[in-house]
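Visitor: First, the structure itself, so that you have it in front of you.
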């Protein structure tokens, strides 16, 4: 083989290798999501969707175990999304998931970001109360108090289906509770709240949700304006009554004088 031919062959091999590496590195990182949210009641169904590249030929779903990650499901199919169904979840299904996809020429993609799947309804229902009241004016302080009879590590407060805060359990007479304090509430705090609890050793196995609590925050300025208008209306009414009384008295006085003039 001549030196020129050897050089051309080496160049061809290097270009092919470089193209292959670039394509492998170019596989998009997949994303993993749970249809209808990551909170699933025990016995409920959930579908996990892994979205990647249109070049995908195979998908797999992994779950984090104490010994590391383990594959729990695999599927083949064309398209840019792999679908994994969990038809009736239990405490075993709660945990952290990741997914990836494979292309026959380039191997497996990198793993998706972790997804935390929480199974609810595994402990008794807690209570939720608003102190001093569930109907307050803006600017007032409000405490949302979650309570239960047992011992639990953490409490989670939700508003309109989204987690907004967590708190550690503290003891109180007759059970355990967590207080979520909101100083000087405003109209953005208006809405429906709920809370859950879970053991520290099982962070993805939650209780049933508390009964929903609707917090109504009224506009203090609007209230002041309404009260001011009411006061002004009352004062105007009193003035009209007073004027009416004076007019009646004046009419009576004038009529009495006319009668006396006629008699005289």
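Visitor: It is to be established whether one or more residues within the stretch 113-123 are outside any strand (DSSP E or B), touching a helix residue (DSSP H, G or I) at 6+ places or on another chain (Cβ under 9 Å) and surrounded by 15 or more Cβ atoms within 10 Å (Cβ to Cβ).
Guide: Checked the stretch 113-123: at least one residue is outside any strand (DSSP E or B), touching a helix residue (DSSP H, G or I) at 6+ places or on another chain (Cβ under 9 Å) and surrounded by 15 or more Cβ atoms within 10 Å (Cβ to Cβ).
Visitor: Given the residues 182, 198, which is the only one that is touching a helix residue (DSSP H, G or I) at 6+ places or on another chain (Cβ under 8 Å), outside the structural domain of residue 114 (by TED's automatic domain parsing) and in contact (Cβ under 8 Å) with a residue 40 or more places away in the chain?
Guide: The match here is 182.
Visitor: Can you name every residue in the stretch 85-112 that is out of contact with any strand residue (DSSP E or B) (no Cβ under 6 Å at 6 or more places or on another chain) and either within 30 Å of residue 197 (Cβ to Cβ) or in a loop (DSSP other than H, G, I, E, B) (or both)?
Guide: 87, 88, 90, 92, 104, 105, 106, 110
Visitor: Tell me the residue from 201, 171 that is modelled with pLDDT under 95, part of a loop (DSSP other than H, G, I, E, B) and at negative phi, please.
Guide: Just one listed residue meets the conditions, 201.
Visitor: Output the residues belonging to the stretch 175-198 that are part of a strand (DSSP E or B) and more than 15 Å from residue 163 (Cβ to Cβ).
Guide: Within the stretch 175-198, 175, 176, 177, 179, 181, 182 qualify.
Visitor: If residue 157 satisfies every condition in (1) under 20 Å from the mean Cα position of the chain (by Cα); (2) touching a residue at least 40 places away in the same chain (Cβ under 8 Å) but one, which is the exception?
Guide: (2)
Visitor: Would a scan of the stretch 27-34 turn up a residue that is more than 25 Å from residue 158 (Cβ to Cβ), modelled with pLDDT under 85 and not in a strand (DSSP E or B)?
Guide: Checked the stretch 27-34: at least one residue is more than 25 Å from residue 158 (Cβ to Cβ), modelled with pLDDT under 85 and not in a strand (DSSP E or B).
Visitor: When you go through (1) over 25 Å from residue 213 (Cβ atoms); (2) outside any strand (DSSP E or B) one by one for residue 82, which number turns out not to apply?
Guide: (2)
Visitor: I'd like to know if the stretch 36-52 contains one or more residues that are crowded, with 17+ Cβ neighbours inside 10 Å and farther than 19 Å from residue 116 by Cβ.
Guide: yes
Residue-by-condition table, conditions (1) in contact (Cβ under 8 Å) with a residue 60 or more places away in the chain; (2) within 16 Å of residue 108 (Cβ to Cβ):
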| residue | (1), (2) |
| --- | --- |
| 34 | yes, no |
| 37 | yes, no |
| 48 | yes, no |
| 62 | no, yes |
| 75 | no, yes |
| 93 | no, no |
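Visitor: Kindly check whether there is at least one residue in the stretch 69-84 that is assigned by TED's automatic domain parsing to the domain that holds residue 54, more than 30 Å from residue 188 (Cα to Cα), buried (at least 16 other Cβ atoms within 10 Å of the Cβ) and touching a helix residue (DSSP H, G or I) at 6+ places or on another chain (Cβ under 9 Å).
Guide: Scanning the stretch 69-84, I find no residue that is assigned by TED's automatic domain parsing to the domain that holds residue 54, more than 30 Å from residue 188 (Cα to Cα), buried (at least 16 other Cβ atoms within 10 Å of the Cβ) and touching a helix residue (DSSP H, G or I) at 6+ places or on another chain (Cβ under 9 Å), so the answer is no.
The values are calculated or read from the model by the stated rules, or taken from the named source; none is laboratory data. Quick caveat: nothing in here was measured; it's all calculated off a predicted structure. Please note: Cβ atoms are built from the backbone with ideal geometry, for glycine as well, and neighbour counts cover all protein chains shown.
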